[in-house]
Each structure stands twice: as structure tokens, then as C-alpha cells.
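The values are calculated or read from the model by the stated rules, or taken from the named source; none is laboratory data. Quick caveat, the model's predicted, so the values are computed rather than measured. As a convention, Cβ positions derive from the backbone with ideal geometry for all residues, glycine included, and neighbour counts pool all protein chains shown.
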Ligand code: ACO
């Protein structure tokens, strides 16, 4: 059977770092409050000329080098983002042009913080169906551009960045020993679309709008949804979340990660956490964290990795893979 293998990974962050102390100069908050409630200490903020597109291209170029491949070998590009450069065309087409690729297909996936898991699931299905041989799946966001910088309940949580992975269809045996994606599962429940949303858009206000969130409601659903989809996706491969080598979660909030770990009995030293440095970078957070753990030697070839996320919509999902 066809398996989707991760051949390379890369990430990119804006140059400017904004600490909690910097945040306290803008809104009535403190390093102590932010760290205690979220675990976040700093985030990167896009400057002039840095956009979702430029960050995505930078991350993709690093992933291609890591994969030892050239852009001309890529035939599918999916960018997961809720902060595209323009309402249309898809940021993925701009990335495609910047990389000098003229064949194949490029499109965006919009599932907010779950975007990377949704995009990876889509790419896996298309590669398995034989439609494409290789893919670039990129999570790239500039949430700083849709934040209400007067709302301390939201502006302290998010940051900008991008992460990318190069995927290739390879032959597998169908067993859990195969390299590549072993199982994926995605969910949505639109009844909660107004718990975390942007209050504008082309068809309603003809403007971009700003992020609005009922933080407590999001928190209330996060641990349950994330734990159940982690159990669901590992069960598809006949294992449990405790059987994996690494968990690379969406980096929203340290308390959500601790709650999930407690519920599933997970060893916290097996969870890759980068939210202290990056904040919540939405669709970019999983590939950013994954890239860091690959480059610092934590995640090694052959190990089992479980990724998971939950975000606006609500959307949530998980993927189990052998790196
Ligand atoms: N600094 C200081 N005080 C603050 C801040 C801040 N940055 N933000 C809110 N407060 C105050 C509130 O005004 C409130 O004050 P009051 O009691 O005088 O009214 C008090 O802190 C408590 O506010 P709550 O919103 O009830 O605080 P809570 O403990 O719920 O923490 C938080 C807020 C951190 C947003 C929490 O609800 C949370 O983590 N929710 C999950 C949200 C999330 O992670 N979203 C990311 C997108 S979805 C995803 O990725 C999973």
C-alpha cells in the first residue's frame, strides 16, 4: 500500500520577538498572569514585508533542503492558514510561484488551529489515491494582523510563524512498522463556530475583522476533544496514546496540554512544547514544534509521533505517523 512519508521539515519565524514584558506596555497584563494561565513567555511578530506568504516560502525552502529535494520535484502544495495574504487567490498559489513551480496543484485549507492536521490529512488522502507523488504541506500564519491589540484576553495568546513538511508517496506493507502516516482523524462541530471567530469577512463586512474568543468555552471543550481524537487515531492503528515516542501537540496553552496529559496518563517529558517561545501560531504551531524537535535530535527517524490539534469551528484532529 502507499504510505505518505515525511521526507523533510523546516520552519520560519519573523525576526521580531515580543516578550510578555513588551506586552505589558500595551495592555493591562503581566508576565506572571500570562505564564501562569498559558505558559507563554514570548512570541514572534511579523514586521513590514513579512507575511503569511513569505514565512511559508522560507519554511518550505528549509524543508526542501532538509529533504534533499528541489522545488521542481513537488507536485502538490497545501497551505493551512486563516490569515492569507489576500482573500483570494490561495496563498498556496503565491508560494507555488515563489518556488518556481508551474505544475501540479496548490490550494489553501482553512481549519484555524487544526489547519495543519486537516491539510496533512488531505495530502495523505491525495497521495494514497495516486493523484500526486510529492507534496509540500505548510502551516503559515500572521495572527498578529487579526488581533485586537486592546483586548488583553486574546492578544497575549498568539504569535506568527510557519512550518512546512515535504511529503512523498512510498511503498509500505500496511503494518505499523511502515514509515509515514499510519492513521488520521479529523472532526468539526459547527455549533461552536461563534466561540472563536473573526468578526469580519468579505461577504459580511467587506473587511478583515478581528479575532474574538470565549476563552473559557474553548478551554472547556479542548481537553475532551483532543483526548478523544488521540485515542481514536491511535486505536485505528491498534495502539494507545501512551505507546507513542513523541506527542507534538498544537501549541495553544500549557494548561490544555497538562489537562490532556493527565486525562490520558501521558508522560509530559514525551510532549514537545514550544509555546513558551512562540505563543499560539495556529496552523503553524505543529510543524514549528516538530521541526524544532527534529533539529535538536529529540525526534529521530523510525520513531512514532502523534500530532493533535483543536481550533475554531470547532475543528479538531490527530495524525499518527512513523517519522
Ligand atoms: N492579563 C491579566 N488579566 C487578564 C488577562 C491578561 N492577559 N486576560 C484576561 N484577564 C482577566 C480577565 O479580565 C478576568 O478579570 P476579572 O476577573 O476581573 O473579570 C480574569 O483575568 C479571568 O479571566 P478569564 O477569561 O476567566 O480567565 P481564564 O482563567 O479563563 O484564562 C484564558 C483565560 C487564558 C484565555 C483561558 O480561558 C484559556 O486558555 N482558554 C483557551 C483559549 C485558547 O487557548 N485559545 C486558543 C485558540 S483555540 C486553540 O488553539 C485550542
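Restricting region 208-217 to residues that are within 24 Å of residue 276 (Cα to Cα) and in contact (Cβ under 8 Å) with a residue 60 or more places away in the chain leaves a set whose member that is farthest from the ligand (Cβ to nearest atom) is 210. When residue 139 is tested against (1) within 16 Å of the ligand (Cβ to nearest atom); (2) within 30 Å of residue 295 (Cβ to Cβ); (3) in the same structural domain as residue 291 (by TED's automatic domain parsing), just one condition goes unmet, and that condition is (3). Hey, does region 76-88 have a residue that's crowded, with 22+ Cβ neighbours inside 10 Å, within 16 Å of the ligand (Cβ to nearest atom) and closer than 19 Å to residue 135 by Cα? Yes, the conditions are met somewhere in region 76-88.
Screening residue 269 against (1) over 19 Å from residue 140 (Cβ atoms); (2) within 16 Å of the ligand (Cβ to nearest atom); (3) in a helix (DSSP H, G or I) leaves a single unmet condition, (2).
For every residue, the table says whether it meets (1) in a loop (DSSP other than H, G, I, E, B); (2) under 17 Å from residue 161 (Cβ atoms); (3) within 16 Å of the ligand (Cβ to nearest atom); (4) modelled with pLDDT of 95 or more.
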residue	(1), (2), (3), (4)
228	no, no, yes, yes
239	yes, no, no, yes
273	yes, yes, yes, yes
291	no, yes, no, yes
294	no, yes, no, yes
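Of all residues in region 25-39, those satisfying the criterion of being more than 7 Å from the ligand (Cβ to nearest atom) and either touching a residue at least 60 places away in the same chain (Cβ under 8 Å) or part of a helix (DSSP H, G or I) (or both) are 26, 31, 32, 35, 36, 39. If you go through region 141-152 and pick out every residue that is in contact with a helix residue (DSSP H, G or I) (Cβ under 6 Å, 6 or more places away or on another chain) and either more than 16 Å from residue 42 (Cβ to Cβ) or assigned to a helix (DSSP H, G or I) (or both), you end up with 4.
Sort out which residues of region 177-196 are in a helix (DSSP H, G or I) and free of Cβ contacts under 8 Å to residues at least 40 places away in the same chain, and write them in order of number. The one that is in a helix (DSSP H, G or I) and free of Cβ contacts under 8 Å to residues at least 40 places away in the same chain: 191. In region 153-176, of all residues being in a loop (DSSP other than H, G, I, E, B) and touching a helix residue (DSSP H, G or I) at 6+ places or on another chain (Cβ under 8 Å), the one that is farthest from the ligand (Cβ to nearest atom) corresponds to 159.
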